[in-house]
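Notes follow the structure.
The values are calculated or read from the model by the stated rules, or taken from the named source; none is laboratory data. It should be emphasised that the depicted structure is a prediction, and the values quoted were computed from it without experimental measurement. For neighbour counting, all protein chains shown are included, and Cβ atoms are generated from backbone atoms with ideal geometry for every residue, glycine included. Please note that ligands, DNA and RNA were not included when accessible areas were found on the heavy atoms of the full protein model with its side chains. Shrake-Rupley method; radii C 1.70, N 1.55, O 1.52, S 1.80 Å.
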Amino acid sequence: MLNSWADLAANSAPENAGTSNSTAPSRPVYVPPHLRNRAASASASAESSPAPLPPNVSTNNNNNNAGSRWGAPRNGWGNRNGGWDRREVNPFGDQEGAAEEGAAAFGEQQENTGINFDAYEDIPVETSGENVPPPVNTFAEIDLGEALNQNIRRCKYVKPTPVQRHAIPISLGGRDLMACAQTGSGKTAAFCFPIISGIMRGQGQPLQRPPRGVRTVYPLALVLSPTRELSMQIHDEARKFSYQTGVRVVVAYGGAPINQQLRELERGVDILVATPGRLVDLLERARVSLQMIRYLALDEADRMLDMGFEPQIRKIVEQMDMPPPGARQTMLFSATFPKEIQRLASDFLSNYVFLAVGRVGSSTDLIVQRVEYVQESDKRSHLMDLLHAQRANGVQGKQALTLVFVETKKGADALEHWLCRNSFPATTIHGDRTQQERELALRSFKTGNTPILVATDVAARGLDIPHVAHVVNFDLPNDIDDYVHRIGRTGRAGKKGLATAFFNDNNASLARSLADLMQEANQEVPDWLSRYAARSSYGGGRNRRSGGSRFGGRDFRREGSFGRGGSDYYSTGNSGGYGSSGGYGGGYGPGVTSAWD
DNA sequence: AAAAAAG
């Protein structure tokens with residue numbers, strides 16, 4: 001009873017507000033955010049004539065036939081939100097608040113500016129594809145719009161990071177993109193800026209929908225990520241970038257009450273950030289339609305396309321109502337991009353640019369990697385030793401943050417319990433905990449309240465946790481890519497980090513790739529590990545996913561002339577067709593990427 | 001074999 005009444009009220013209120021004295025719009029039309037104040041009154045008086053296109057609308061190659069294919073723009077904006085959102089909370093308001101708590105606790109300033117650009121100076125970059133738009137050196141060179149520029153200043157971003165310098169012009173040029181890149185250095189911004197800017201410009205043609213459920217919303221951009229916490233993080237960042245641009249960002253993920261998310265959606269959504277399960281739910285309830293999607297971004301794209309996720313992603317991207325490749329712009333980001341996954345991913349892309357922002361020798365050098373031989377039964381006491389040592393390294397009375405990865409959820413609980421019993425304040429994050437518990441754990445860790453976090457792979461990717469001094473692989477993962485992502489939780493934004501792994505016979509299959517990785521990162525490889533690696537290379541101890549070039553860094557379209565790709569990982573220049581290889585033969589072997597995302 | 005993601 002109460003529910004249906006509330007729903008009714010929630011449903012009709014914005015509709016009335018948006019159109020006041022006219023008949024309710026039945027057909028959606030895209031109104032760029034900067035015109036929405038006017039649009040609300042304009043559409044009321046001009047119901048029968050097509051809505052004016054924004055003056056600076058630029059035709060996008062990929063979309064210029066969308067009008068004929070999908071129907072001409074109509075009146076009425078599907079999101080029923082005429083005008084800027086006056087209730088928009090200033091995400092910068094508590095400048096020293098939430099996100100900065102950790103920094104404050106450590107007596108440091110502004111994590112956002114903490115990027116150490118010197119660490120990036122000589123980062124090798126490879127691009128391939130046809131007519132690759134050239135990189136820029138400053139934000140000023142790109143016309144992102146004044147509102148967005150102001151937010152960039154508020155974020156204290158002074159100049160674009162390497163991934164931004166390359167990815168933003170490519171995306172603004174309307175091209176699809178597969179990028180091997182680093183989050184810590186602004187990966188989220190690299191796909192958010194072009195999306196926000198594009199939405200503000202009203203680029204391309206809106207796609208018409210058949211009238212369906214009145215409460216259906218039509219986001220223009222979709223960002224998918226593999227974990228709830230990562231979606232939250234992306235949402236938080238995207239909200240900063242879109243502040244006062246009129247572009248509305250909404251997040252939807254499982255484990256949280258759906259009603260609140262539905263209410264947020266009903267207030268209007270331009271950019272939807274979501275985890276796959278909850279999005280499918282919303283699509284099946286017809287509360288969200290993907291018909292108007294003009295931008296699709298997959299964060300941690302290789303994870304999104306691996307066995308566990310691929311069917312869901314295919315369903316969302318190929319079997320719902322999303323415009324096909326070419327009629328939308330698609331951006332895939334990850335630090336690791338095995339070529340098998342690249343092949344899968346190419347289904348979603350159209351004439352795309354491949355971009356690899358690699359590590360230079362110095363990038364993963366920021367993370368000191370250690371491997372110790374530890375029997376299962378000795379792991380706990382060994383961890384204890386590390387933590388005792390870590391205690392001495394505390395900053396301002398706070399213990400440095402240590403992130404401990406384990407294999408299983410049960411193992412995580414057990415270890416947390418044991419640590420607490422031994423007076424090490426620890427908490428844990430894994431998929432068997434409630435969402436509330438997960439978020440609490442992460443917050444408590446970030447603030448230094450609980451300086452030890454025991455985690456499963458749920459925390460392996462993308463999470464930006466400042467001040468993680470030490471990553472311990474209590475249990476090593478089976479996949480070297482997961483190792484790369486895990487250790488990338490430390491040594492972020494150009495800062496130094498330490499990663500310690502406990503290795504024993506159970507990890508024999510990882511020996512070779514681990515030894516290779518460490519060698520390429522100029523780390524000291526223990527002799528016993530080298531011997532292990534040599535042994536396992538006989539036994540076929542290769543990683544399941546590849547025989548060689550298993551890291552990102554290389555466009556799989558360029559495979560072919562070389563037996564196993566990777567040894568010519570970096571060509572020198574940018575652009576060039578598929579076949580052109582600069583042939584930098586040095587050092588990168590089977591492809592080390594950044595240890596970051 | 002495990003983890004993640006809907007309830």
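So here's what we get for this one:
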read-out	value
Filter result for A:Tyr532 (modelled with pLDDT under 90, hydroxyl-bearing (Ser, Thr, Tyr) and open to solvent by 10 Å² or more (accessible area, probe 1.4 Å))	no
Members of segment A:300-309 found to be within 13 Å of DNA strand B (Cβ to nearest atom) and under 19 Å from A:Gln233 (Cβ atoms), listed by number	A:Glu300, A:Asp302, A:Arg303, A:Met304, A:Phe309
Evaluation of A:Glu300 against (1) of a type in the set (D, E, K, R); (2) open to solvent by less than 20 Å² (accessible area, probe 1.4 Å); (3) in contact with a Phe, Trp or Tyr (Cβ under 6 Å, 6 or more places away or on another chain) (one fails), failing number	(3)
Given (1) open to solvent by 40 Å² or more (accessible area, probe 1.4 Å); (2) more than 14 Å from DNA strand B (Cβ to nearest atom); (3) in a helix (DSSP H, G or I), index of the condition A:Phe445 fails	(1)
Segment A:132-188 - residue that is of a type in the set (S, T, N, Q) and touching a Ser or Thr at 6+ places or on another chain (Cβ under 6 Å) and, of those, nearest to A:Ser334 (Cα to Cα)	A:Gln182
Number of the exception - A:Asp505 against (1) modelled with pLDDT of 95 or more; (2) within 16 Å of DNA strand B (Cβ to nearest atom)	(1)
Top-ranked residue in segment A:418-432 [being in a loop (DSSP other than H, G, I, E, B) and without any contact (Cβ under 8 Å) to a residue 24 or more places away in the chain; ranked as surrounded by the most Cβ atoms within 10 Å (Cβ to Cβ)]	A:Asp432
One residue from A:Tyr218, A:Tyr253 being away from DNA strand B (no atom under 16 Å from the Cβ), of a type in the set (Phe, Trp, Tyr) and either modelled with pLDDT of 95 or more or surrounded by 22 or more Cβ atoms within 10 Å (Cβ to Cβ) (or both)	A:Tyr218
Test: residue in segment A:472-493 that is part of a strand (DSSP E or B) and either within 23 Å of A:Met518 (Cα to Cα) or assigned by TED's automatic domain parsing to the domain that holds A:Leu517 (or both)	yes
Criterion violated by A:Val468 - all others in (1) open to solvent by 20 Å² or more (accessible area, probe 1.4 Å); (2) touching a Ser or Thr at 6+ places or on another chain (Cβ under 9 Å); (3) not hydroxyl-bearing (Ser, Thr, Tyr) satisfied	(1)
Yes/no for A:Gly411 being assigned to a loop (DSSP other than H, G, I, E, B), small (Gly, Ala, Ser) and either surrounded by fewer than 20 Cβ atoms within 10 Å (Cβ to Cβ) or assigned by TED's automatic domain parsing to the domain that holds A:Gln375 (or both)	no
Condition met for A:Thr402 (in a strand (DSSP E or B), open to solvent by less than 30 Å² (accessible area, probe 1.4 Å), farther than 26 Å from A:Ala301 by Cα and touching a His at 6+ places or on another chain (Cβ under 9 Å))	yes
Residue match in segment A:449-460 (condition: of a type in the set (D, E, K, R), open to solvent by less than 10 Å² (accessible area, probe 1.4 Å) and either in contact (Cβ under 8 Å) with a residue 24 or more places away in the chain or more than 18 Å from A:Asp365 (Cβ to Cβ) (or both))	no
Residues of segment A:503-517 classified as surrounded by 23 or more Cβ atoms within 10 Å (Cβ to Cβ) and either not assigned by TED's automatic domain parsing to the domain that holds A:Asp481 or not hydroxyl-bearing (Ser, Thr, Tyr) (or both), total	4
Evaluation of A:Lys496 against (1) more than 13 Å from DNA strand B (Cβ to nearest atom); (2) open to solvent by 50 Å² or more (accessible area, probe 1.4 Å); (3) at pLDDT 90 or above (one fails), failing number	(3)
Hits in segment A:272-299 - residues which are more than 15 Å from DNA strand B (Cβ to nearest atom) and either in a strand (DSSP E or B) or farther than 13 Å from A:Ala221 by Cα (or both)	A:Tyr295, A:Leu296, A:Ala297
Residue, surrounded by the fewest Cβ atoms within 10 Å (Cβ to Cβ), within segment A:306-321, restricted to residues that are closer than 16 Å to A:Arg294 by Cα and under 20 Å from the mean Cα position of the chain (by Cα)	A:Ile316
Segment A:390-422 - residue that is β-branched (Val, Ile, Thr) and at pLDDT 85 or above and, of those, nearest to DNA strand B (Cβ to nearest atom)	A:Thr408
